[in-house]
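The values are calculated or read from the model by the stated rules, or taken from the named source; none is laboratory data. Keep in mind that what you see is a predicted model, and the values were worked out from it rather than measured. All Cβ positions, even for glycine, are placed from backbone atoms using ideal geometry, and neighbour counts span all protein chains on display.
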Amino acid sequence: MSLGKYFSIMESVKFEVLFSIYSSFRHVLAEMAENSTLQGLIDELLADPMLVSEIHARIEHLLVEIQANGDMPRDGCIAGYLYCLWKTDLAKAYDASNEVLKVGGLWWSVQVALKVREYVDEITDSIRTSSAIDEPTEYTMSDRIQLDTVGLLVVELKADAFVIRAEMKDRQLTLLNSACQDSVESDRNEASVSDTTLQYSLAPTRKFVPAVAG
Amino acid sequence: MPVYLRSRNEVKQLDYSEYERQRKFQTEKLVQVRTDELLKDLADDHKYIRKLRSVSPFMYNCVGMIFSSRRAWIELDELQQILDEDDYNSIRFEDVCAGDIVIYTKGNSRRHVGLITSVERQGNELRRVLVISKWGADGEIEHELNVVPKGYGEPTEYWSERVKYVAW
C-alpha cells in the first residue's frame, strides 16, 4: 500500500475512534500493537527506511496544521505515526516526540511522546551508568557481543547518525542493517519487555559499548 | 482537580497541564463527529443506543463520569482502588439495580465502566438493563447493557456500594 493510502486511512475519523474510546493509555498501546494498518506501515518502514522521513514530515505538517487551527486535532493519527516511528527509527521518534510535546493540546499523542522519551532516556541513562561503572570494551560492528540489555546498543541519537536496526526474537538479537548482518546472543530475560523490533542509531564514529553484567 | 475517596486517599490522575497550551484538547464539534462515527459502526451491527446524552469537550472519561462527577480523566488502572476504598462489593448480575456499576472486559483486561440507570425485571428475570457511560474522549451515552464499541468487550462484572445489597 502507498504512503498516501496510509495517510488517508490513518487521518480518517474511523481510525481516530479506534483510540479515542479508550480510558487507559495501555489499552491504546494494546490497540496499536494489534492494529493491522499500523503493523502494515511499520513493515513498510522497515522495508524502506527512507520512508521514515516522510512519516516524520507528515507529523510536522499535522502539527503545523493544529497550531494554525486547533479546532480538529488529529490526535489518533499523530499517535499512530509516532508509534510507527518508535518501532522503526528511535532517533526520528525522539525528535518527533519533542515536537509533539512542544505543540501540546493533544491527548494520546502526548502519552506516546512521553513514552518514547522515557524509553530513550532510560536507554541512554543505562549507557552512562554502565560506562561509569566499568571501562567499556569497544567492539566493531562485525564482532559477536554478549549483551545484558538490548538498549545498551544505543550510543548516540542523532538525525544524521548511522542507523542500526536490531530485532529481538527468542532472546536472539539480530542486527538487520545492511552493513552488519550479524547475530548476537542476549542475556536479556525480562518478561516485561514486549518489543520485538527495535531500532537504534549509532554515530559513525562510535562503536558498540557492551552492557555491564548486573 | 483532586478526587478523594471515602478512605481519604487521593485518586491518581494524568497531569496534562503542561501540554494544554491554553487550548482545549478537543471541541464539541470534534466529539460529535467521532461519536457519530461510533454510532454508525454500531448501526452497521444493528445496534442502536438509547440516547446521546452529551458531547461535552471537557476531558473526562468513564471512570471520571461515575466517580468524579464528570470532572476528571481517571485511568481504568485506578478503578480497583476506587472500588476497594469506596466500599464497593462485587454482586451477581441478577442482583443489579439502578446506581450499581458494570465493568466491561476484553480478555482479562477491564476496558470500560458504566453506571446502571434502569433495570426492568419480569419475576426474577432481568429483561432490560440500561447504562449511562462515557466513551473515552467521545460522547456520554445512554445505552442497553450490550450496546458498546467492540473494543470494550463484554459486560462481566457488577459492583455495588450498597451496604447489604437487595436480592430481588
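Give me the residue from region B:109-157 that is within 20 Å of B:A72 (Cα to Cα) and basic (K, R) and, out of that set, nearest to the other protein chains (Cβ to nearest Cβ). That would be B:R111.
Here is a yes/no grid of residues against (1) out of contact with any Phe, Trp or Tyr (no Cβ under 6 Å at 6 or more places or on another chain); (2) more than 21 Å from B:E75 (Cα to Cα); (3) not in a helix (DSSP H, G or I):
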site: A:E16; (1), (2), (3): yes, no, no
site: A:E54; (1), (2), (3): yes, yes, no
site: A:P73; (1), (2), (3): yes, yes, yes
site: A:W86; (1), (2), (3): yes, yes, no
site: A:A93; (1), (2), (3): no, yes, no
site: A:K102; (1), (2), (3): yes, yes, no
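When region A:7-40 is filtered for residues that are surrounded by fewer than 24 Cβ atoms within 10 Å (Cβ to Cβ) and among the aromatic types (F, W, Y), the ones remaining, listed by number, are A:F7, A:F15, A:F25. Does A:N69 satisfy the criteria of being surrounded by fewer than 23 Cβ atoms within 10 Å (Cβ to Cβ), among the polar types (S, T, N, Q) and modelled with pLDDT of 90 or more? Answer is no for this residue. Among the residues of region B:120-140, those that are out of contact with any Gly (no Cβ under 9 Å at 6 or more places or on another chain), on the phi < 0 side of the Ramachandran plot and either surrounded by fewer than 19 Cβ atoms within 10 Å (Cβ to Cβ) or of a type in the set (S, T, N, Q) (or both) comprise B:E120, B:R121, B:Q122, B:N124, B:E125, B:L126, B:R127, B:R128.
Number of residues in region B:50-89 that are hydroxyl-bearing (S, T, Y), at negative phi and more than 12 Å from every other protein chain (Cβ to nearest Cβ) equals 4.
Inspect all residues belonging to region A:43-54 and state whether any of them is without any contact (Cβ under 8 Å) to a residue 40 or more places away in the chain and either within 12 Å of chain B (Cβ to nearest Cβ) or touching a Lys or Arg at 6+ places or on another chain (Cβ under 6 Å) (or both). No, region A:43-54 contains no residue that is without any contact (Cβ under 8 Å) to a residue 40 or more places away in the chain and either within 12 Å of chain B (Cβ to nearest Cβ) or touching a Lys or Arg at 6+ places or on another chain (Cβ under 6 Å) (or both). Selection within region A:1-24: residues that are facing another protein chain (nearest Cβ under 7 Å) and of a type in the set (S, T, N, Q). The member of this set that is nearest to B:V113 (Cα to Cα) is A:S23.
Summed over region B:34-74, residues that are in contact (Cβ under 8 Å) with a residue 12 or more places away in the chain, over 22 Å from B:R128 (Cα atoms) and in a loop (DSSP other than H, G, I, E, B) total 13. Looking for whichever is within 13 Å of the chain's Cα centre (by Cα) and modelled with pLDDT under 95 here; the options are A:L85, A:L63, A:L3, A:L51. Which one fits? Every option except A:L85 fails the conditions. Being within 13 Å of the chain's Cα centre (by Cα), in contact (Cβ under 8 Å) with a residue 12 or more places away in the chain, surrounded by 22 or more Cβ atoms within 10 Å (Cβ to Cβ) and within 16 Å of A:V100 (Cβ to Cβ) holds for only one residue in A:G76, A:G80, and it is A:G80.
For region B:31-46, residues that are within 9 Å of chain A (Cβ to nearest Cβ) and of a type in the set (S, T, N, Q) total 1.
Within region A:88-110, the set of residues being surrounded by 22 or more Cβ atoms within 10 Å (Cβ to Cβ), within 14 Å of chain B (Cβ to nearest Cβ) and at negative phi comprises A:S97, A:V100, A:V103, A:L106, A:W107, A:W108, A:S109, A:V110. Checking each residue in region B:77-94 for being touching a Ser or Thr at 6+ places or on another chain (Cβ under 8 Å), assigned to a helix (DSSP H, G or I) and modelled with pLDDT under 95 picks out only B:D77. Among the residues of region B:120-137, the ones that are modelled with pLDDT of 95 or more and farther than 24 Å from B:Q80 by Cβ come to 1 in all.
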